[in-house]
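Structure, as structure tokens:
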Amino acid sequence: QVQLVESGGGLVQPGGSLRLSCAVSGTIFRIYAINWYRQAPGNQRELVATITNSGSTNYADSVKGRFTISRDNAKNTAYLMMNRLRPEDTAVYFCKLVYSGVEYWGQGTQVTVSS
């Protein structure tokens, strides 16, 4: 079955950086787009970034210029490089893949930006 596993979260000071990973198994990774979402306490889950199977990318306005989404098809892994982190970036970050019309989500990884 399709599985997504996020990693790389943690505690970082404002202005710092983190790189999140999303390891995918159970499907042909290279043919699917990957989305990164985040959800802060009390907020709805929001779309942060998308990378298509051809490598085109799109970002939420709140992270544009600071975050970079990428993928390594040889490793079946997508990444979210987060720079110049702000306290408002604190959230649980999830990756998502849509396969045969079904959404598959990882378990999430916590990112906390605090001094």
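Could you put T90, T109 in order of accessible surface area, largest first, with the 1.4 Å probe and the full protein assembly present? Could the numbers behind the result be given before it?
Details: T90 40, T109 15 Å².
I get T90, T109, largest accessible area first.
How big is the charge dipole of the chain about its Cα centre, in debye rounded to the nearest 20, if each Lys and Arg gets +1 on its Cβ and each Asp and Glu gets -1 on its Cβ? Please list the in-between numbers first.
Details: 11 positive and 7 negative charges, 44 e Å.
Value, rounded to 20: 220 debye.
In segment 26-115, what percent of the accessible surface is made up of carbon and sulfur (1.4 Å probe, ligands and nucleic acids excluded)?
On the way: 2170 of 4700 Å².
Reported share for carbon and sulfur atoms: 46 percent.
Calculated FRET efficiency, N53 and L11, Cβ-Cβ r, R0 41 Å, to nearest 0.05?
Taking R0 as 41 Å, the efficiency between N53 and L11 is 0.75.
Could you give the spread of the C-alpha atoms of segment 23-115 along their three principal axes, from largest to smallest, in whole angstroms?
40, 25, 21
D61 accessible area, nearest 10 Å², 1.4 Å probe?
Roll a 1.4 Å probe over it and D61 shows about 130 Å².
Rank these by accessible area, largest first, 1.4 Å probe: T57, T27, T112.
Values: T57 65, T27 25, T112 45 Å².
Output order, biggest surface exposure first: T57, T112, T27.
Tell me, what is the per residue accessible area of the chain in Å², probe radius 1.4 Å? Walk me through the numbers on the way to the answer.
Numbers: 5990 Å² over 115 residues.
Spelled out: the 1.4 Å probe surface of the chain, per residue, equals 52 Å².
The values are calculated or read from the model by the stated rules, or taken from the named source; none is laboratory data. Computed from a prediction, not measured in an experiment: that's the story for all the values here. Note: ideal-geometry Cβ built from the backbone for every residue, glycine included; neighbour counts use all protein chains shown. Just so you know, the surface numbers come from the protein's heavy atoms only, side chains and all, with ligands and any DNA or RNA stripped out. Shrake-Rupley method; radii C 1.70, N 1.55, O 1.52, S 1.80 Å.
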